[in-house]
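> Got a structure for you, questions after.
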Amino acid sequence: MGVNKRSLELFYIDGRPDGLLTAEIFDWTGHVLVVPRLRLKEALVRSETAHAGVYLLLGENEQGRLRAYIGEAEELRTRLGQHARADDKQWWEKAVLVTTTNNQLHKAYGRYLEARLIEQAQKVQRALLENNTSPSVPVLREAERANMEGFLDNLFMVLPAVRVDMFIENARPAGSTLHQQPVLPQYLENELTDDQLSRFELNYRKYHIRATAVLQDGNFVVEAGSEAYPQWKGDKNSSYSHRHEELSRNGVLKQDGQKAIFVTDYVCSSTSEAAAIVKGRSAAGPTSWRLVGTHTSYKEWEAQRLEEDAVSVASSE
């Protein structure tokens, strides 16, 4: 099956990575404007802020956890100004405004997108959602609903690119990694079993903890049934501390005696993130994970694979 490749354009309006930013996908009518609160006055004179759409207000609580509010408005400029003056909304530091280039998100569409975004945020639980209610998804005609779901698919592609990952669902059904095998160098293919080809393991012998994972589509996926230390015991300021707590809170990690168990497969962005979650403290992932049944670390496996690729490229030139 071919990969559906897309072109994403990020435009730094004032030439600063922490300033005003727009994001668009080629052949998509959606338009995303990222607004730091300190640049609010400059943002609200832009034409797209007079459009209808949905918006996110983002900040952090005292423990460093992401706080978010999701809303919709017939004119984003007016609503954002109201939130800036509201006593109960002084915590937000950044707003993300989602509109269309032709201002076609009428009220029913806005309410649909708002309800679906809230639904997804509640499902993933990466953010402390400040919405007091969970609106029901409005009934749209079949064609309209399909259009809005397509709009959301594009939006969920854009948001991580502007550093908003609160809708990304890393948990996957148990067994979703089956038959997903990484491409290995020839010398390993000749020596390892099929089971070893696809899996890495981490043995935390001090606590009799064992976890397995596979490399899949550029992600490191810890498999359901893997064990982990039941709570975070490392540096509380580590970003992995919040992730470990998040997984316990949303049920991906379930307490089982002196250990925790991964209930689902879980996608990690790096081997070090996976190792930290398993050990309950920061750890060097490339040296912590090893090919199942061998002493070959992920670091050694990766180096050999790169060397094999380099030889292959050189021989073809």
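All of the numbers you see were taken from the coordinates with simple rules; none came from a lab. Quick caveat: nothing in here was measured; it's all calculated off a predicted structure. Positions of Cβ are generated from backbone atoms using ideal geometry, with glycine treated the same way; all protein chains shown enter the neighbour counts.
> Please figure out what share of the DSSP beta bridges in the chain is antiparallel and state it in percent, rounded to the nearest 5. Walk me through the numbers on the way to the answer.
Working: 51 of 53 bridges.
Of the beta bridges lying entirely in the chain, close to 95 percent run antiparallel.
> With label points built 7 Å along Cα→Cβ from the Cα atoms of residue 84 and residue 302, find their separation and express it in nm.
Rounded to a tenth, the inter-label distance reads 4.4 nm.
> Could you tally the net charge around residue 220, taking each other residue with its Cβ under 14 Å from the Cβ of residue 220, Lys/Arg +1 and Asp/Glu -1? Before the final figure, lay out the partial values.
Numbers: positive: 172, 199, 243, 290, 299; negative: 201, 217, 223, 265, 273, 302.
Neighbourhood net charge equals -1.
> Could you list, in their original order, any pairs among 206/279; 206/233; 233/259; 233/299; 123/254; 254/299 whose Cα atoms are separated by more than 20 Å?
Working: 206/279 10 Å; 206/233 14 Å; 233/259 13 Å; 233/299 25 Å; 123/254 17 Å; 254/299 30 Å.
Beyond 20 Å between Cα atoms: 233/299; 254/299.
> A further question on this structure: So, counting K/R as plus one and D/E as minus one, what does the shell of residues with Cβ under 10 Å around residue 209 add up to? If you can, show how the numbers build up before the last one.
Details: positive: 205, 206, 210, 259, 279; negative: 227.
Neighbourhood net charge equals +4.
> Can you put 31, 51 in order, fewest other beta carbons within 10 Å first? Walk me through the numbers before you get to the answer.
On the way: 31 20, 51 23.
So the ranking, lowest neighbour count to highest, is 31, 51.
> Sorted from fewest to most neighbouring beta carbons within 10 Å, what does the list 267, 124 look like? Before the final figure, lay out each step's value.
Details: 267 22, 124 17.
Ranking 267, 124 by Cβ neighbours within 10 Å, fewest first, gives 124, 267.
> Also, I was wondering about something else. About the Cα centre of the chain, what is the dipole size in debye to 20, counting +1 per Lys and Arg Cβ and -1 per Asp and Glu Cβ, all else neutral?
On the way: 38 positive and 44 negative charges, 245 e Å.
That gives the chain a dipole magnitude of about 1180 debye.
> Further question: What full-extension length gain, to one decimal in nm, is calculated for residue 93 and residue 254 as 0.36 nm per residue of separation minus the Cα-Cα distance?
Working: separation 161, 0.36 × 161 = 57.96 nm, distance 3.35 nm.
That pair, residue 93 and residue 254, stretches by 54.6 nm at full extension.
> For region 220-316, what size does the Cα cloud have along each of its three principal axes, sorted from largest down, in whole Å?
52, 28, 22
> For residue 28, what is the net charge nearby, where nearby means another residue's Cβ is under 10 Å from its Cβ and Lys, Arg count +1, Asp, Glu -1? Kindly include the intermediate steps, with their values, before the conclusion.
Working: positive: 6; negative: 24, 27, 153.
After counting each charged neighbour, the total is -2.
> Give, rounded to the nearest 20 debye, the magnitude of the charge dipole that region 25-106 has about its Cα centre when Lys and Arg contribute +1 at Cβ and Asp and Glu contribute -1 at Cβ.
Working: 11 positive and 11 negative charges, 47 e Å.
Dipole size: approximately 220 debye.
> Still on this structure, I have one more. When a footprinting reagent is the concern and you count Cβ atoms within 10 Å, what order do 87, 235, 265 take, fewest first?
Details: 87 5, 235 11, 265 24.
With the sparsest Cβ surroundings first, the list reads 87, 235, 265.
> Could you give the Stokes-Einstein D for the chain in µm² per second, using the C-alpha Kirkwood radius, 10 °C, 1.306 mPa s? Display every interim value, and only then the final one.
Details: Rh = 22.0 Å.
Estimated via Stokes-Einstein, D reaches 72 µm²/s.
> Give me the mean projected area, in nm² to one decimal, of the convex hull enclosing the Cα positions of region 8-161.
Over every viewing direction, the Cα hull of region 8-161 projects on average to 9.1 nm².
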